[in-house]
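The values are calculated or read from the model by the stated rules, or taken from the named source; none is laboratory data. If you're wondering where the values come from, they're calculated on a predicted model, not measured in any experiment. With ideal geometry, Cβ positions are generated from the backbone for all residues, glycine too; neighbour counts draw on all protein chains shown.
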Amino acid sequence: MDIFRLTKEHIDTAGYYIGTTDVTNYAGHIEIEANLGWVRFRGSVRVSGGLDIEAGSGIEAGEGIEAGEGIKAGLGIKAGLDIVCRQELSSGNRLFAGISLYIKSPTPDQLKVECGKLVAGEVCYGTLVELGLPEVASEGGQ
């Protein structure tokens, strides 16, 4: 699976993503390097793989954040809409879902923080929905 490594060259002075790689539907993993502060996306971020935000960096999206695998964030996670991942969700600090200033009354789906398991961090705004971690096939096809 492809890995896109987001570095300081991909963000402007206000922390907004200005890179050319389409992160609204990325087929692979995205890694955000350490110590960038809050990395902001005007729309949504969706990856088929995992989303790994290193220490000293956090992620903020104007819309939703979704990963086919897990999400790990050093600083925290802020999403205008929902936060969804299929595996472990981990944040060094707090998580906020459904904080869009453009939605008067968010729906329950727009407020959800859905994951296999929340392993670190505190959901401060939104509703946590833990679905359980997917079964992992054992070696040897058993």
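Here is a check on your reading of the model: is GLY121 surrounded by 17 or more Cβ atoms within 10 Å (Cβ to Cβ), among the small types (Gly, Ala, Ser) and either free of Cβ contacts under 8 Å to residues at least 40 places away in the same chain or touching a helix residue (DSSP H, G or I) at 6+ places or on another chain (Cβ under 7 Å) (or both)?
Answer is no for this residue.
Looking at ILE71, ILE11, which one is within 30 Å of SER105 (Cβ to Cβ) and touching a residue at least 12 places away in the same chain (Cβ under 8 Å)?
ILE71
Name the residue, out of LEU75, LEU81, LEU89, LEU95, that is touching a helix residue (DSSP H, G or I) at 6+ places or on another chain (Cβ under 6 Å) and either buried (at least 18 other Cβ atoms within 10 Å of the Cβ) or outside any loop (DSSP other than H, G, I, E, B) (or both).
The conditions single out LEU81.
Which of the strands (runs of 3 or more DSSP E) found entirely inside region 1-70 contain at least 2 residues meeting this: closer than 21 Å to GLU88 by Cβ and under 15 Å from the mean Cα position of the chain (by Cα)?
Hits in region 1-70: 2-6, 28-32, 45-47, 51-53, 57-61, 65-67.
All but one of (1) closer than 25 Å to TYR17 by Cα; (2) crowded, with 16+ Cβ neighbours inside 10 Å hold for GLY56; which doesn't?
(2)
Being part of a strand (DSSP E or B) and of a type in the set (Lys, Arg) is the filter here; which residues of region 98-124 pass it?
LYS112, LYS117
Considering only region 125-142, state which residues are at pLDDT 75 or above, more than 11 Å from CYS85 (Cα to Cα) and not in a loop (DSSP other than H, G, I, E, B).
Selection gives TYR125, THR127, LEU128.
Tell me yes or no: at least one residue of region 99-122 is closer than 23 Å to GLU9 by Cβ and of a type in the set (Ser, Thr, Tyr).
no
Does region 27-48 include one or more residues that are in contact with a Leu (Cβ under 6 Å, 6 or more places away or on another chain), surrounded by 21 or more Cβ atoms within 10 Å (Cβ to Cβ) and among the aliphatic types (A, V, I, L, M)?
Looking for residues that are in contact with a Leu (Cβ under 6 Å, 6 or more places away or on another chain), surrounded by 21 or more Cβ atoms within 10 Å (Cβ to Cβ) and among the aliphatic types (A, V, I, L, M), one finds at least one in region 27-48, hence yes.
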